[in-house]
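Only one structure is covered here, and it is reproduced in the block below.
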Amino acid sequence: MVKSERKEALLKIIIAIISGIILKLWSIPVLVIGVLNWLVTLITGKRRKVLASFCEYWNTEFYKYLVYLTSVTNERPFPFHALAPRISKFTK
């Protein structure tokens with residue numbers, strides 16, 4: 001048990017770097033799409049579900065990343081684990 005916890009703690013360094021880079025790169029289009037969705041909402045009065053859902057995937061994966069790094073769980077974040085179901089759903 002101790003060896004596996006120590007091994008996982010050491011692997012967190014590598015996983016944190018790789019997942020962190022991917023999430024940072026992913027955050028750029030999420031920011032652009034978030035602003036675009038905000039502008040569309042201002043102009044049309046309606047949010048776009050597709051745009052909001054794309055951003056929610058990032059929100060969920062970033063949350064999983066933080067939970068993993070703070071040792072709340074040992075479930076590895078994306079790309080070392082499949083994309084998780086979204087935490088929240090689009091509501092009107």
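What follows is calculated from the coordinates using simple rules that are stated; it is not laboratory data. Note that the structure is a prediction, hence the values are computed from the model and not measured. Quick reminder, even Gly has a Cβ in these numbers, built from the backbone with ideal geometry, and neighbours come from all protein chains shown.
The residue list Tyr57, Tyr63 contains one member that is part of a helix (DSSP H, G or I), within 15 Å of the chain's Cα centre (by Cα) and within 27 Å of Glu5 (Cβ to Cβ), which is Tyr63.
Taking the conditions (1) surrounded by fewer than 16 Cβ atoms within 10 Å (Cβ to Cβ); (2) more than 13 Å from the chain's Cα centre (by Cα) in turn, His81 satisfies each one other than (2).
Looking only at residues of segment 1-57 that are small (Gly, Ala, Ser) and surrounded by 12 or more Cβ atoms within 10 Å (Cβ to Cβ), we find that the one that is nearest to Tyr68 (Cα to Cα) is Ala16.
Pairing residues of segment 72-89 that are touching a residue at least 40 places away in the same chain (Cβ under 8 Å) with residues that are surrounded by 11 or more Cβ atoms within 10 Å (Cβ to Cβ) and acidic (Asp, Glu), at Cβ distances under 7 Å and at least 6 apart in sequence or on separate chains, gives Asn74/Glu8; Pro77/Glu61; Phe78/Glu61. Can you tell me how many residues in segment 9-45 are touching a helix residue (DSSP H, G or I) at 6+ places or on another chain (Cβ under 9 Å) and in contact (Cβ under 8 Å) with a residue 60 or more places away in the chain? Of the residues in that region, 2 qualify.
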